[in-house]
1. Does Ile77 qualify as being without any contact (Cβ under 8 Å) to a residue 60 or more places away in the chain and among the hydrophobic types (A, V, I, L, M, F, W, C)?
2. I'd like the full set of residues that are under 19 Å from Ala72 (Cα atoms) and charged (D, E, K, R), limited to the range 19-33.
3. Where the second residue is among the polar types (S, T, N, Q) and open to solvent by less than 20 Å² (accessible area, probe 1.4 Å) and the first is closer than 21 Å to Arg3 by Cα and lies in the range 29-42, which pairs have Cβ atoms under 6 Å and are six or more apart or on separate chains?
4. Mind checking which residues of the range 26-40 are crowded, with 16+ Cβ neighbours inside 10 Å and of a type in the set (A, V, I, L, M, F, W, C)?
5. Go through the range 14-28 residue by residue and tally those that are within 10 Å of Ala44 (Cα to Cα) and part of a helix (DSSP H, G or I).
6. State which residue is surrounded by the fewest Cβ atoms within 10 Å (Cβ to Cβ) when the search covers only the range 41-73 and only residues that are at pLDDT below 95, among the small types (Gly, Ala, Ser) and part of a loop (DSSP other than H, G, I, E, B).
Amino acid sequence: MKRILIANRGEIACRIIDTCKKLKFYSIAIYSDVDKNSKHVREADESINIGGSKAQDSYLLAKKIIDAAKKAKVDAIHPG
């Protein structure tokens, strides 16, 4: 396992990204329009926009998360 998509945001995502770096995993952050300049987006190795600013238009849509994971060709999604 080397490529991890992080389906969280904010401080939790940053902690996961830090752990990925220590384990030499490639981190992919997902983000909504409103989070495009967030710390977790800047710190991840890669980031993918999954849509609108409201959580129900982005983070809460499993299809968007799965589509992002397929696009990024990840080995795992956290949380999984």
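1. Values: without any contact (Cβ under 8 Å) to a residue 60 or more places away in the chain: no; among the hydrophobic types (A, V, I, L, M, F, W, C): yes.
No: the conditions fail for Ile77.
2. The answer is Lys21, Lys24, Asp33.
3. Note: pairs meeting the criteria are Ser32/Ser58.
4. Narrowing the range 26-40 to residues crowded, with 16+ Cβ neighbours inside 10 Å: 26-32, 35, 38, 40.
Within the range 26-40, Ile28, Ala29, Ile30 meet the criteria.
5. From the range 14-28, those within 10 Å of Ala44 (Cα to Cα) are 14, 16-18, 20-21, 26-28; that's our starting set.
Within this subset, residues satisfying the condition of being part of a helix (DSSP H, G or I) are 14, 16-18, 20-21.
Qualifying residue count for the region: 6.
6. Ser53
The values are calculated or read from the model by the stated rules, or taken from the named source; none is laboratory data. None of the values given here were measured: they were computed from a predicted structure. Using ideal geometry, Cβ is built from the backbone for each residue, glycine included, and neighbour counts are taken over all protein chains shown. Note: accessible area is taken over every heavy atom of the protein model, side chains too, but ligands, DNA and RNA are not part of it. Shrake-Rupley method; radii C 1.70, N 1.55, O 1.52, S 1.80 Å.
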